[in-house]
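Just below is one structure, and these are the notes that go with it.
The values are calculated or read from the model by the stated rules, or taken from the named source; none is laboratory data. Model, not experiment: these values are computed from the prediction. Ideal geometry is used to build each Cβ from the backbone, glycine not excepted, and the neighbour counts take in all protein chains shown.
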Amino acid sequence: MNAVVKVEGLRKSYKSTIAVDDVSFEVQESEIFGMVGPNGAGKTTTIECLEGLRKPDRGLVNVLGVDPQQDGHFLHTHTGMQLQQSNLPERIKVWEALDLYSSFYPKAANWEELLAQLGLEEKRNAPFAKLSGGQKQRLFIALALLPDPQLIFLDELTTGLDPQARHTIWDLVREVRSKGKTILLTTHYMEEAERLCDRVAILDHGRIVAMDSPAELVRKFGGEERISFNVDQPLKQEFISSMKPIGQLTIQGERVSIQGETGQASFVYDVVALLAKHNIRFRGLRTEQPTLEDVFLKLTGREMKD
Amino acid sequence: MKSLLKMTWIETKLFLREPVGAFFTLIFPLMMLFLFGSIYGNVPTQYFNGRGTVDISVPAYTAMIIATTSLVGLTITMAAYREKGVLRRLRTTPVSPLVVLVAQVIVLFIMTTIGMLLLVVAGKLVYGMRFDGNALSVVVGFILCCISFFALGFVLAGIMPTARTAQVVGMVILYPMLFLSGAGFPRELLPEAIVKISAFLPLTYVVTLLRGLWIGDPWSQHMTEVVVLAGIVVVGVVIAVKTFRWE
C-alpha cells in the first residue's frame, strides 16, 4: 500500500485563530478517508492546504509525491476536486460545463460517459441554476472525475441534501472507489462517515482527536452496548444479582435495560442465556450499538451542529 | 489556447443569455437612436456645427455602450464569479483562471463593437448619417476607450465586496455620468456649470475623443483625451492588479 497523501505537523492560522494545529495523517491508495468534525474544526482548511489553495504556516504536506505549493499544476492535472464553496455560472448548461472543463485536461475522461454514469443525461441542457442540490453535486463529482484522477477530494459533499440524494451520492462514491481511486472527504454527518469511510479522523478545534476505522473507533470509544426488553412480571432479586457481573441493569415499569461494555463479544448471549435460565419471558428485545456519533460526543463533549 | 477559445465561446453564449446585459449593449442604444432620430431627424444644425442629431449621437451612444459594458457588465460578472466561487473552482484546474478574465474582455469587446456597428448601420441606412473621419483613427480611438473603461471595470470589481454592491455602485456611477458626459444626450444642451463638472468624469473624454475622430479632427487636437484615457489605463491596471482577489 502506498501513501497517496502524507501530512505531518500541519498548522495554519488566520490572524489570531488557529484553524489547524499540528495535524498529521496519511491516506493510503484506494481507500476512502474521511475527516469529520463540527464546522470550524479545521476540515476545510486542511483539505484546502492539500489542494494547494492555502499555504500552510508549518508542517509537511505531500500529495501524490509533490508539495502542493510547489507543483500545483501537476496536482491539478492529476487530482479531482469538489470544493465546499464553489459554483458555476448560473446560465451555463450541464453539457457546456463538462465540455469546457474537459478542455482543461490533457487526458480528459469522456464527459458523455460521465454524464450517463452520474445520471445527468436528462439534465444535459439544463442551466446550472435550475439543478437541484443533488444534481449540482453530481455535476461537481463529474467535473472532479474529468481529469481521470488517482485522488479525489470531496469537501462536504452531501451537506444540505435530502436523504435520498445523499444515498445516491454515497453509491456513486463507492463506485468511484471500486475503480481503484483514492478518496479524501470531509463531512459533518457521522452517519456518512460511518457508512462510507474506511478510516476516519475526528477533528476538533483544529486537532485530530482520534483516527481509525469507524468500527474500531466505536469499539474503543463508543461506550456501552445496550439491550432492552419488556417483562410481564417483576424480576426476582436472584436474577437481578446474577446480572451484576454482566452489565448495569435499570428498570422502568415493564421495560428493562442492561448496559454492558462495548466489545464484550458474548454480551447479548450472556443476557439472553441468563433470561432463559431464570425462565423469564420477554418481549420486544432490542439491542443498541453505539455509533460514531456517540464516539464523537464522548471525545469532544458536544453535539454535532449543522 | 483551446481552453481560451472554449471559454470565450461559452462566455459569449452566457452574455447573450443574460437579457439585461444584452439589451443595454445591443438594443437600448438603437432605441435611443430611433427615438431621438424620429424627433429631431438628422438635419444639420448650427448647434452641432452644421451636423445633425444622428451624426453626433452615434459616437456618443458608442461611448454609452462602452461605459455600460465595463461598469455594469464586466463589474457584475467579475464580482459574481468571485463571490459565487466560479473563480475558485477554476483555480483547482490546471488552467489559469486568468483565462476567464481574458475571455470576458474579449467577449465584452466584441459585443461593444457589435453594438457600435448596429448604430452605424442604422444611422447610415435610416438617417443617412455623415461620417467625415478616418475609419482607422476611429477604430484606434475606440480600442483605447474600451481598454481604459475595462480597466475601470476591473478596479470597481476588485474594490466592491459583493456582486450586489458592485451592481448598485456601478449603476450609481454610470447613470449620472451618462447624462453629464454627453453620452446620453448632447453636451451642447447642458448648462455651463454642468459642463464644468463633466471635466471630472472619465466618460467625458471618451465622448469628446470619439465625436472628434468621427468628424475628422486630427489626433493633435485630442491629446488631452488621449493622455487622460491612457493615464486611466495605467493607473487602472495597477489598482486592478492590487485589488484583485480570486475569492
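Mind checking whether some residue in the stretch A:271-280 is on the phi > 0 side of the Ramachandran plot and free of Cβ contacts under 8 Å to residues at least 24 places away in the same chain? Yes, there is a match, as at least one residue in the stretch A:271-280 is on the phi > 0 side of the Ramachandran plot and free of Cβ contacts under 8 Å to residues at least 24 places away in the same chain.
One line per residue, one yes/no per condition, for (1) more than 23 Å from B:Y40 (Cα to Cα); (2) among the hydroxyl-bearing types (S, T, Y):
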{"position": "B:L117", "(1), (2)": "no, no"}
{"position": "B:L144", "(1), (2)": "yes, no"}
{"position": "B:V172", "(1), (2)": "yes, no"}
{"position": "B:S181", "(1), (2)": "no, yes"}
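For the stretch B:82-92, the criterion of being more than 30 Å from A:A97 (Cα to Cα), in contact with a strand residue (DSSP E or B) (Cβ under 7 Å, 6 or more places away or on another chain) and not in a helix (DSSP H, G or I) is met by none of the residues.
Entry remark, the stretch B:168-224: residues being within 15 Å of B:L152 (Cα to Cα) and surrounded by fewer than 17 Cβ atoms within 10 Å (Cβ to Cβ) number 4 in total.
Against the numbered list (1) within 13 Å of chain B (Cβ to nearest Cβ); (2) surrounded by 15 or more Cβ atoms within 10 Å (Cβ to Cβ); (3) closer than 16 Å to A:Q150 by Cα; (4) over 19 Å from the mean Cα position of the chain (by Cα), A:K107 comes up short only at (2).
Looking at B:S96, is it within 11 Å of chain A (Cβ to nearest Cβ) and either over 28 Å from A:Y105 (Cβ atoms) or part of a loop (DSSP other than H, G, I, E, B) (or both)? Write out each step before concluding.
Details: within 11 Å of chain A (Cβ to nearest Cβ): yes; either over 28 Å from A:Y105 (Cβ atoms) or part of a loop (DSSP other than H, G, I, E, B) (or both): yes.
The answer is yes for B:S96.
Only one entry in B:T77, B:T62, B:T12 is of a type in the set (V, I, T), within 14 Å of chain A (Cβ to nearest Cβ) and buried (at least 24 other Cβ atoms within 10 Å of the Cβ), namely B:T77.
Residues that are aliphatic (A, V, I, L, M): find the strands (runs of 3 or more DSSP E) completely inside the stretch A:30-86 holding 2 or more of those. Break it down into steps so the answer makes sense when it comes.
On the way: elements: A:32-36, A:58-63, A:79-82.
Counting at least 2 such residues, we get A:32-36, A:58-63.
Within the stretch A:87-102, if we keep just the residues that are touching a strand residue (DSSP E or B) at 6+ places or on another chain (Cβ under 8 Å) and not hydrophobic (A, V, I, L, M, F, W, C), the residue that is nearest to the other protein chains (Cβ to nearest Cβ) turns out to be A:R91.
Any chance you could count how many residues in the stretch A:170-204 are in contact with a strand residue (DSSP E or B) (Cβ under 9 Å, 6 or more places away or on another chain) and either β-branched (V, I, T) or at pLDDT 90 or above (or both)?
Of the stretch A:170-204, the ones in contact with a strand residue (DSSP E or B) (Cβ under 9 Å, 6 or more places away or on another chain) are A:173-174, A:176-177, A:181-190, A:192-194, A:196-203.
Cutting the leftovers down to either β-branched (V, I, T) or at pLDDT 90 or above (or both) gives us A:173-174, A:176-177, A:181-187, A:192-194, A:196-203.
Selection size over the stretch A:170-204: 22.
Restricted to the stretch B:225-247, and to residues there that are part of a helix (DSSP H, G or I) and in contact with a Gly (Cβ under 6 Å, 6 or more places away or on another chain), the residue that is surrounded by the most Cβ atoms within 10 Å (Cβ to Cβ) is B:A240.
This table checks each residue for (1) over 30 Å from A:I18 (Cβ atoms); (2) surrounded by fewer than 17 Cβ atoms within 10 Å (Cβ to Cβ).
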{"position": "A:D162", "(1), (2)": "yes, yes"}
{"position": "A:W170", "(1), (2)": "yes, yes"}
{"position": "A:T187", "(1), (2)": "no, no"}
{"position": "A:S213", "(1), (2)": "no, yes"}
{"position": "A:L217", "(1), (2)": "no, no"}
{"position": "A:D232", "(1), (2)": "yes, yes"}
{"position": "A:I246", "(1), (2)": "yes, no"}
{"position": "A:R255", "(1), (2)": "yes, yes"}
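Can you confirm whether the stretch B:100-116 contains a residue that is over 21 Å from the mean Cα position of the chain (by Cα) and either within 14 Å of chain A (Cβ to nearest Cβ) or at negative phi (or both)?
Filtering the stretch B:100-116 for residues over 21 Å from the mean Cα position of the chain (by Cα) gives none.
So far as the stretch B:100-116 goes, no, none of its residues is over 21 Å from the mean Cα position of the chain (by Cα) and either within 14 Å of chain A (Cβ to nearest Cβ) or at negative phi (or both).
For the stretch A:20-41, give me each residue that is closer than 20 Å to A:L299 by Cβ and at pLDDT 90 or above. Explain how you work it out, then say what you get.
Filtering the stretch A:20-41 down to residues closer than 20 Å to A:L299 by Cβ leaves A:20-25, A:33-41.
A:V20, A:D21, A:D22, A:V23, A:S24, A:F25, A:F33, A:G34, A:M35, A:V36 - these are the residues of the stretch A:20-41 that are closer than 20 Å to A:L299 by Cβ and at pLDDT 90 or above.
I'd like to verify a number: residues in the stretch A:265-306 that are of a type in the set (G, A, S) and modelled with pLDDT under 85, how many? So that I can check it myself, show each step before the final result.
Start the filter on the stretch A:265-306 by keeping residues that are of a type in the set (G, A, S), which leaves A:265-266, A:273, A:276, A:284, A:301.
Checking which are modelled with pLDDT under 85 leaves us with A:265-266, A:301.
Selection size over the stretch A:265-306: 3.
There is at least one residue in the stretch B:15-32 that is assigned to a helix (DSSP H, G or I), within 14 Å of chain A (Cβ to nearest Cβ) and crowded, with 19+ Cβ neighbours inside 10 Å.
For the stretch B:184-191, indicate whether the set of residues that are within 26 Å of B:I110 (Cβ to Cβ), out of contact with any Pro (no Cβ under 6 Å at 6 or more places or on another chain) and in a helix (DSSP H, G or I) is non-empty.
Looking through the stretch B:184-191, none of the residues is within 26 Å of B:I110 (Cβ to Cβ), out of contact with any Pro (no Cβ under 6 Å at 6 or more places or on another chain) and in a helix (DSSP H, G or I).
The requirement of being within 12 Å of chain B (Cβ to nearest Cβ), of a type outside the set (V, I, T) and surrounded by 21 or more Cβ atoms within 10 Å (Cβ to Cβ) is fulfilled nowhere in the stretch A:114-132; no residue meets it.
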